[in-house]
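Taken together, the values in this text are just the output of simple stated rules run on the coordinates, not laboratory data. Nothing here was measured: the structure is a model prediction, and the numbers come from that model. All Cβ positions, glycine included, derive from the backbone under ideal geometry; neighbour counts span all protein chains shown.
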Amino acid sequence: MTRLDVSIMGQSYMLACREGEEAALREAVTYLDERMCSIRDAGKIKGNDRIAVIAALGIAAELLATKSPDGPLSEMTMAEVRQKITSMHAVLDAALAPQENLF
């Protein structure tokens, strides 16, 4: 596990993640920080806990809007979709690779 020092709305946090996932965690922190700061700066909601809840609800709504209610990927998580795409790329790369000794 890797530990990262991050800041969200000026508050420091020590977070842990798996090796190799640091960039994704930093991207998530940046996204959350921007959302929370935007809500705070709008001035309509006071209190960090309320700002966090409103940001979480907005992000949850975005996530749910990206899920398809039916179709071949409807039961898969985003991580599973990414893995499936990676596997498809490997199959395509192998199929399109120059074939040696064809003749």
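Here the average projected area of the convex hull drawn through the C-alpha atoms of the chain stands at 10.7 nm².
Axis angle, to the nearest 10 degrees, between helix 78-96 and the longest C-alpha principal axis of the chain: 30 degrees.
Helix 48-66 and the longest principal axis of the Cα set of the chain meet at an angle near 30°. With the charge dipole of segment 11-103 set up from +1 on Lys and Arg Cβ and -1 on Asp and Glu Cβ about the Cα centre, the Cα lying farthest toward the positive end among the listed residues Ala24, Met36, Tyr13 is that of Met36.
Seen from Glu21, the other residues with C-beta closer than 13 Å to its C-beta sum to a net charge of +1, counting Lys and Arg as +1 and Asp and Glu as -1. Using 0.36 nm per residue and subtracting the Cα-Cα separation, the extra length available between Asp49 and Ile85 on full extension is 9.2 nm.
With only Lys, Arg, Asp and Glu charged, each at its Cβ (+1 for the first two, -1 for the last two), find how big the charge dipole of the chain is about the Cα centre; round to the nearest 20 debye.
On the way: 11 positive and 15 negative charges, 107 e Å.
Taking the Cα centre of the chain as origin, the dipole is about 520 debye.
Dividing the mean sequence gap of close Cα pairs (under 8 Å, 6+ apart) by how many residues segment 7-62 holds gives a relative contact order of 31 percent.
Proximity of backbone amide H atoms, modeled 1.01 Å from N, is registered between Ile8 and Tyr13 at under 5 Å, excluding neighbours fewer than 5 places apart on the same chain.
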